[in-house]
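These notes are about the structure you will find just below.
The values are calculated or read from the model by the stated rules, or taken from the named source; none is laboratory data. On a predicted model such as this, the values are computed, not experimentally measured, just so you know. Glycine also receives a Cβ, built like all others from the backbone with ideal geometry; neighbour counts cover every protein chain displayed.
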Amino acid sequence: MLHITPAKEGVLALIRKAGELIRTHVSAPMPYLIKKLNETLRGWGNYHRHVVASEAFSRIDTYVYEELWRMLRRRHSKKSRKWLARKYWLTPERKWVFTATGITKKGKRLYQVVRLGAIGIRRYIKVKADANPYLREYAFYFWRRRQDKESRLFPAMSAREYRAMTA
């Protein structure tokens, strides 16, 4: 069986980019750093979520966690580890998600760093080799595929819309 994984160079490039983002935004407000990190991590994670990437996701999550911890230890050198954990890593829903509070026009808002492991890996379901979307005998097969929540590649449509389209 063929297993496609993210390239080692790609993983290392993302690790370098995340480290550079954290180092260049040491003195920036935390919500800004989190937004920049999330853009990068979410984009890379969504691109690689359809391949065998859980090991790479875990490695990147660990690296980001360690870099954020190192940055905060330097930024708040007089504070204890417990203080740092309470201030930056605890949220109401889950523990150990890097979180910062920012003030917006609507009030306080929590910003959380995206964990690639939480994005989840979603496999595509292979299409039958002989299935042809232009032949009527496979119409129901493709309609069922579109409705299946596991393989939602196309926007869902009702049976009535589908009958009207194929009639």
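From the residues in the range 77-100 that are touching a Leu at 6+ places or on another chain (Cβ under 7 Å) and at pLDDT 85 or above, which one is surrounded by the most Cβ atoms within 10 Å (Cβ to Cβ)? If you could, list the steps in order and put the result at the bottom.
Of all residues in the range 77-100, those touching a Leu at 6+ places or on another chain (Cβ under 7 Å) come to 84, 88, 91, 98-99.
When the remaining residues are screened for being at pLDDT 85 or above, the result is 84, 88, 98-99.
Numbers: LEU84: 16, TYR88: 19, PHE98: 21, THR99: 19.
Applying the filter and picking the extreme gives PHE98.
Specify which of the listed residues (ARG42, ARG74, ARG109, ARG70) is over 30 Å from THR5 (Cβ atoms), modelled with pLDDT of 90 or more and of a type outside the set (Ser, Thr, Tyr). If you could, list the steps in order and put the result at the bottom.
On the way: ARG42 fails: over 30 Å from THR5 (Cβ atoms); ARG109 fails: modelled with pLDDT of 90 or more; ARG70 fails: over 30 Å from THR5 (Cβ atoms).
One residue alone meets the criteria, ARG74.
Looking at the range 107-127 only, could you name the residues that are part of a strand (DSSP E or B) and loosely packed, with under 11 Cβ neighbours inside 10 Å? Working first, answer last.
As a first pass, look at the range 107-127 and keep what is part of a strand (DSSP E or B): 107-112.
Correct list: GLY107, LYS108.
Look at the range 128-143 and say how many of its residues are surrounded by 15 or more Cβ atoms within 10 Å (Cβ to Cβ) and of a type outside the set (Ser, Thr, Tyr).
Result for the range 128-143: 3.
Quick one: which residue in THR104, THR62, THR24, THR40 is within 16 Å of ALA118 (Cβ to Cβ), free of Cβ contacts under 8 Å to residues at least 24 places away in the same chain and among the hydroxyl-bearing types (Ser, Thr, Tyr)? Reasoning before the result, please.
Values: THR104 fails: within 16 Å of ALA118 (Cβ to Cβ); THR24 fails: within 16 Å of ALA118 (Cβ to Cβ); THR40 fails: free of Cβ contacts under 8 Å to residues at least 24 places away in the same chain.
It is THR62.
When THR104 is evaluated against the numbered criteria (1) modelled with pLDDT of 90 or more; (2) over 20 Å from GLY120 (Cα atoms); (3) loosely packed, with under 12 Cβ neighbours inside 10 Å, which criterion, by number, is the only one it fails?
(1)
Listed residues ARG42, ARG59, ARG73; which is part of a helix (DSSP H, G or I), of a type in the set (D, E, K, R) and within 16 Å of LEU84 (Cβ to Cβ)?
On the way: ARG42 fails: within 16 Å of LEU84 (Cβ to Cβ); ARG59 fails: within 16 Å of LEU84 (Cβ to Cβ).
Within the list ARG42, ARG59, ARG73, the selection yields ARG73.
May I ask you to list pairs of residues, at least six apart or on different chains, whose Cβ atoms are under 6 Å apart, with the first in the range 6-17 being free of Cβ contacts under 8 Å to residues at least 60 places away in the same chain and assigned to a helix (DSSP H, G or I) and the second being of a type in the set (Phe, Trp, Tyr) and surrounded by 14 or more Cβ atoms within 10 Å (Cβ to Cβ)?
LEU14/TRP44; ILE15/TYR63
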